[in-house]
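Only one structure is covered here, and it is reproduced in the block below.
The values are calculated or read from the model by the stated rules, or taken from the named source; none is laboratory data. Model, not experiment: these values are computed from the prediction. Virtual Cβ from ideal backbone geometry, glycine too; neighbours counted across all protein chains shown. Ligands, DNA and RNA are stripped out before the accessible areas are found, and what is left, the full protein with its side chains, is counted by its heavy atoms. Shrake-Rupley method; radii C 1.70, N 1.55, O 1.52, S 1.80 Å.
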2 protein chains.
Amino acid sequence: MYRNHTCGEIRMENSGSEVLLAGWVQRVRNLGGMTFIDLRDRYGLTQLVVDDQSSEQVKNVASTLGREFVVQARGIVRERSSKNPKMATGDVELHISELNVLNAAATPPFTIQDDTDGGDELRMKYRYLDLRREAVRKNLELRARMAHVVRSYLAAENFIETETPVLIGSTPEGARDFVVPSRMNPNQFYALPQSPQLFKQLLMVAGFDRYYQIVKCFRDEDLRADRQPEFTQIDCEMSYVHQEDVLNMFEGLTKNIFKEIKGIDIVDFPRMPFSEAFEKYGNDKPDLRFGMMIHELTDLVKGKEFKIFEDADYIGGICATGCGEYTRKQLDGLTDFIKKPQIGGTGLVYAKVNSDGTIKSSVDKYYSAEDLQKWAEKLDAQPGDLLLIMCGTREKTLPVISSLRLEMGRQCGLLDKEIFKPLWVVDFPLLEWNEETQRFFAMHHPFTSPKPEDIALLETDPGKVRANAYDLVINGVEIGGGSVRIFDSALQAKMFSILGFTKEAAEDQFGFLMNAFKFGAPPHAGIAFGFDRLVSMFAGLDSIRDTIAFPKNNSGRDVMNNAPSPIAQAQLDELYLKLVKPE
Amino acid sequence: MYRNHTCGEIRMENSGSEVLLAGWVQRVRNLGGMTFIDLRDRYGLTQLVVDDQSSEQVKNVASTLGREFVVQARGIVRERSSKNPKMATGDVELHISELNVLNAAATPPFTIQDDTDGGDELRMKYRYLDLRREAVRKNLELRARMAHVVRSYLAAENFIETETPVLIGSTPEGARDFVVPSRMNPNQFYALPQSPQLFKQLLMVAGFDRYYQIVKCFRDEDLRADRQPEFTQIDCEMSYVHQEDVLNMFEGLTKNIFKEIKGIDIVDFPRMPFSEAFEKYGNDKPDLRFGMMIHELTDLVKGKEFKIFEDADYIGGICATGCGEYTRKQLDGLTDFIKKPQIGGTGLVYAKVNSDGTIKSSVDKYYSAEDLQKWAEKLDAQPGDLLLIMCGTREKTLPVISSLRLEMGRQCGLLDKEIFKPLWVVDFPLLEWNEETQRFFAMHHPFTSPKPEDIALLETDPGKVRANAYDLVINGVEIGGGSVRIFDSALQAKMFSILGFTKEAAEDQFGFLMNAFKFGAPPHAGIAFGFDRLVSMFAGLDSIRDTIAFPKNNSGRDVMNNAPSPIAQAQLDELYLKLVKPE
């Protein structure tokens, strides 16, 4: 070894002993007679000292050092005269007797510090330098620790970690596949898995009983913010279980991660039906860190001359606690916020509850003080609160109120990153109607089981059928989702028919799974967690990108190693492919 | 849950209690008044009993059961009248009070037993049924346990498990890449990694210090026996280490796997230079489970009238202990064996040491009894042994003797699968001369460091330069390999020039790595283990295929889900690709 200690471990009790360190030069301070060098490695920083008593060789080498030089230093540990209580090694320093440059370094394009001067693009191009920054590396260390906790838990619960193939058949449902041309099978293509869904269900047919894998998945989508073409899932499946068994198992896993990683005991997770989540929070992933629940006011506000409300199917609002003093400008800001195209609101009615209990609203013309008091009562508003009310169709308005609720949560400082509020959202609709194609789509995927009590509705009112599907939501983020699967081939065939597959198309695309089910498929259910997102939440990041060692940018490019890139004509020829010039 | 116990856990102490099981029907025996059903799950088998005292419902259901039906059974545990000591649950049976068919099963195309009647192709097509067989599933369970042992060991040694990208830039060195067309970057391609080599070295530049990953890698090669287009490596890299540090770390890992999985303590691994391995065993992966070492006889046998030996550069042989009684037919068989095209031998000289110490050889015409005694002495032969001798060029003859040595080991029953003899083969040549292209290739890869003491030879005699490269060999199989890396960009540039890269080509292909090295690359070294092969060795299998849940066949096809397959024209259009018809 080039060292016998790391830069993070020497302490007072090492005083007087000789140690050998290796690492990067974080900083050199030349104070005339003395030179202080901060030496850094993954484990910490140690201060090296070169002074009058040092040899000429050491002094000479020290004078050549620049930032990020790789050096090896031998010396005697001694107590510092001025200690640094912020550093783990801050009580000591190393008085250098030998100093070797292992590798020189060009000046890095940005400073290797938590608070760097490097812009986003530069940091991505030199990602290997960006990863030297503790602020970035600690996210990757966290990721590794979390993976280990997950694996230990699931192994102890008898889950068999099983690798499923990366080169698979293309499945036309859902998002776009990345494809891989086969040289040995000309004009044919593998696909990269969007998830190991079919394989994990086959493992249940195979009697594996409990399967898991932390696995890369791939989606060739136009990348919106915070999506990556390759991402990682904790993918799990269990046999002979009901929905509640799965929820309990993975609630246990989640609690265990919180306990092991953050030392937090999380209480039992509430279960909330999708319909309730939509009604009270306006979406399927409620952030329970704060209240500000949505209340419907439709009946209460109707019957006056305010045409906008009169024409609306649905009127609802929230009470923003303590925001009664919002200025005109702030209120206009909220209106601007909800009118953003990605939010899609049309207008905002407000009512401030003054400290004396009177109410001032933007619709005083139409509503009496008494009317407004009723609103305040309904929304449980106190003096000093602000009521924010919107209307339209129920389906479109609730999500807008939801966005406003989250914005108010942000403005009120209620989105505490150190508070975690998980819940299970359950009873999702099985099917979603698509206006454009005039057909139903599977909300989760076509293998999701309807609730037994709703099966009759499949014939009469498919849109009403609820699924045995569930999402794990933490702080408004969907962390995981899954379902109880159909394991009966007759019911599966009916599902395909409702989804508009001809018998032939279903056979063509899912034939081998349906065939497998004929040989004794057990009842089974599963879940997949977005591992990048889970890590990002634990790290307190707003993006998944810094939980990934080598992420891609929004065009799917790795700017560091310049991928993708053109390939040689010979390789195209071997693959029996010809490029078409884009217009 | 559909059960409260598994089929592997009930014992005498459960007698009298009611349990609920679920699983597959392994076998139904109808003995008139009584029906015995063997119920199977991953955890074991339990015998269910239906008899006169059972309800009509239970009797009726029992009469409909076929092989592989999925059933749920409730009953009382009772002692068996005739116990089966071969079964973990063989002391007890379950007297059934309730029996439900959860799913019927078509008759499987082969029997779900360790000793199945299914042929290879059929078992691959119905892999999900093949995996139901304990003989197959236990290999996957072993694989999962081994992965967990590896991860626990490396995590405890401060290795950070880091996922590297699957969609990377194409590297033209080495085997052929699988490529992935990018839709967002038309006419450009990602490659799937043959190994995370560049990324793990960048992680060392990034100061990660210790990295590991159990990771899928991809190679688009014509598949010989026992190769898969996707395979799994335990991939590792360390900073601030010398070769011996790496060997000790991964010797520790390997010992730990043997200890945890097989309960075997393995003694320290010998280190053998490549030159010695080649001289004594004829290859770079000696099987040390048996002796039968190769001895050179060139000087000893030369100078007689046997022209074949006189013309040869090299003459060498082995002593097959106890094979002195081999018949003419057996000896002819050995000659046929070495003359196979894939072995490439030309002829075999033998000498039997009779029980009276006299020697009978196939070249008695040319050699006296005294001559032959000298051969026997050199090869340390005893009465009853067989000397097998070959000649030609040293480079071509030693590998043929090696093949014969292994064949004799097989014939003598010396290849015991429960004995494990690991060693490190070290000091590989850095470069290999390729006659066809008249240039040197990197034997390991172009980032492998030459031995410091051999660097001067790079200028004068590059073929003589030894590398800081090492292989872990167990029982004649290369399980892992790695090297100390070049971390100095000047030396790296020289290597590229020796390998025939122009400055531009090196820049084009490896520029970003060489650039990274300019910013302070630490000394680093690494290793990768073939995980499939390691599992296969631990499972006592001859092929890696049954260590993989869903393997591909020799044409790279998954016959179960019919991949690869054609894709839609629309998808080709989106990718700006056109198919070329193969001739």
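Going through the stretch B:140-164 one residue at a time, which ones are open to solvent by 10 Å² or more (accessible area, probe 1.4 Å), more than 9 Å from chain A (Cβ to nearest Cβ) and not aromatic (Phe, Trp, Tyr)?
B:142, B:149, B:156, B:157
Test each condition in (1) assigned to a helix (DSSP H, G or I); (2) crowded, with 16+ Cβ neighbours inside 10 Å for residue B:292 and report the one that comes out false.
Here residue B:292 meets the rest and fails (1).
Tally time: how many residues in the stretch A:82-136 are part of a helix (DSSP H, G or I) and either more than 24 Å from residue B:516 (Cα to Cα) or open to solvent by less than 50 Å² (accessible area, probe 1.4 Å) (or both)? It would help to see each step written out before you state the result.
Initial filter on the stretch A:82-136 (part of a helix (DSSP H, G or I)): A:120-125, A:127-130, A:134-136.
Among the residues that remain, those that are also either more than 24 Å from residue B:516 (Cα to Cα) or open to solvent by less than 50 Å² (accessible area, probe 1.4 Å) (or both) are: A:123-124, A:127-130, A:135-136.
Looking only at that region, the number is 8.
For the stretch A:433-466, how many residues meet the condition of being modelled with pLDDT under 90 and either of a type in the set (Asp, Glu) or closer than 14 Å to residue A:483 by Cα (or both)?
8
For residue A:400, indicate whether it is assigned to a loop (DSSP other than H, G, I, E, B) and in contact (Cβ under 8 Å) with a residue 12 or more places away in the chain.
So residue A:400 does not fit the description; no.
Hey, among the residues in the stretch B:170-193 that are assigned to a loop (DSSP other than H, G, I, E, B) and in contact with a Ser or Thr (Cβ under 6 Å, 6 or more places away or on another chain), which one's nearest to the other protein chains (Cβ to nearest Cβ)?
That would be B:184.
Return yes when residue A:208 is aromatic (Phe, Trp, Tyr) and closer than 22 Å to residue B:131 by Cβ and no when it is not. Steps first, please.
Numbers: aromatic (Phe, Trp, Tyr): yes; closer than 22 Å to residue B:131 by Cβ: yes.
It is true that residue A:208 is aromatic (Phe, Trp, Tyr) and closer than 22 Å to residue B:131 by Cβ.
Hey, can you tell me all the residues within the stretch A:452-461 that are buried (at least 18 other Cβ atoms within 10 Å of the Cβ) and within 26 Å of residue A:281 (Cβ to Cβ)?
Within the stretch A:452-461, A:454 is the sole residue that qualifies.
Within the stretch A:470-583, which helices (runs of 4 or more DSSP H) (wholly inside it) include 1 or more residues that are open to solvent by less than 30 Å² (accessible area, probe 1.4 Å) and within 7 Å of chain B (Cβ to nearest Cβ)?
Those helices (runs of 4 or more DSSP H) span A:503-517.
Return the total of residues in the stretch B:165-175 being surrounded by fewer than 21 Cβ atoms within 10 Å (Cβ to Cβ) and in contact with a helix residue (DSSP H, G or I) (Cβ under 8 Å, 6 or more places away or on another chain).
Qualifying residue count, the stretch B:165-175: 3.
For the stretch B:214-248, which positions are open to solvent by 10 Å² or more (accessible area, probe 1.4 Å), closer than 21 Å to residue A:164 by Cβ and more than 7 Å from chain A (Cβ to nearest Cβ)?
Within the stretch B:214-248, B:214, B:215, B:219, B:223, B:226, B:227, B:228, B:231, B:233 meet the criteria.
Can you say whether residue A:164 is under 30 Å from residue A:496 (Cβ atoms) and either in contact with a Phe, Trp or Tyr (Cβ under 7 Å, 6 or more places away or on another chain) or in contact (Cβ under 8 Å) with a residue 60 or more places away in the chain (or both), as far as the supplied structure shows? Spell out the reasoning first.
Numbers: under 30 Å from residue A:496 (Cβ atoms): yes; either in contact with a Phe, Trp or Tyr (Cβ under 7 Å, 6 or more places away or on another chain) or in contact (Cβ under 8 Å) with a residue 60 or more places away in the chain (or both): yes.
When the stated conditions are applied, residue A:164 passes them.
When the residues of the stretch A:194-205 are filtered to those that are closer than 29 Å to residue B:570 by Cβ and in contact (Cβ under 8 Å) with a residue 40 or more places away in the chain, which remaining residue is farthest from the other protein chains (Cβ to nearest Cβ)?
A:195
Does the stretch B:194-212 hold any residues that are open to solvent by 10 Å² or more (accessible area, probe 1.4 Å), in contact with a helix residue (DSSP H, G or I) (Cβ under 9 Å, 6 or more places away or on another chain) and outside any helix (DSSP H, G or I), and which are they?
Matches in the stretch B:194-212: B:210 only.
Based on what the data block shows, is residue B:78 open to solvent by 60 Å² or more (accessible area, probe 1.4 Å) and at pLDDT 95 or above?
So residue B:78 fits the description; yes.
For residue A:91, state whether it is under 40 Å from the mean Cα position of the chain (by Cα) and free of Cβ contacts under 8 Å to residues at least 24 places away in the same chain.
no
For the stretch B:1-33, enumerate the residues that are part of a strand (DSSP E or B) and modelled with pLDDT under 95.
B:30, B:31
Using the structure shown, decide if residue A:121 is assigned by TED's automatic domain parsing to the domain that holds residue A:538 and acidic (Asp, Glu).
Answer is no for this residue.
Tell me whether the stretch B:270-281 contains one or more residues that are facing another protein chain (nearest Cβ under 8 Å) and open to solvent by 20 Å² or more (accessible area, probe 1.4 Å). First the steps, then the outcome.
Going through the stretch B:270-281, the residues facing another protein chain (nearest Cβ under 8 Å) turn out to be none.
Looking through the stretch B:270-281, none of the residues is facing another protein chain (nearest Cβ under 8 Å) and open to solvent by 20 Å² or more (accessible area, probe 1.4 Å).
Would you point out which residue out of B:295, B:242 is of a type outside the set (D, E, K, R) and not assigned by TED's automatic domain parsing to the domain that holds residue B:466?
Matching residue, one of B:295, B:242: B:295.
Among A:58, A:49, which is away from chain B (no Cβ under 14 Å), assigned to a helix (DSSP H, G or I), aliphatic (A, V, I, L, M) and open to solvent by less than 10 Å² (accessible area, probe 1.4 Å)?
A:58 is the lone residue from the list that is away from chain B (no Cβ under 14 Å), assigned to a helix (DSSP H, G or I), aliphatic (A, V, I, L, M) and open to solvent by less than 10 Å² (accessible area, probe 1.4 Å).
Exactly one of (1) farther than 30 Å from residue A:462 by Cα; (2) at pLDDT 95 or above; (3) in contact with a Lys or Arg (Cβ under 7 Å, 6 or more places away or on another chain) is unmet by residue A:534. Its number?
It fails just one condition, (3).
Here are some conditions: (1) under 30 Å from residue A:140 (Cα atoms); (2) over 24 Å from the mean Cα position of the chain (by Cα); (3) among the small types (Gly, Ala, Ser). Residue B:105 meets all but one. Which one does it not meet?
Of everything listed in (1) under 30 Å from residue A:140 (Cα atoms); (2) over 24 Å from the mean Cα position of the chain (by Cα); (3) among the small types (Gly, Ala, Ser), residue B:105 misses just condition (1).
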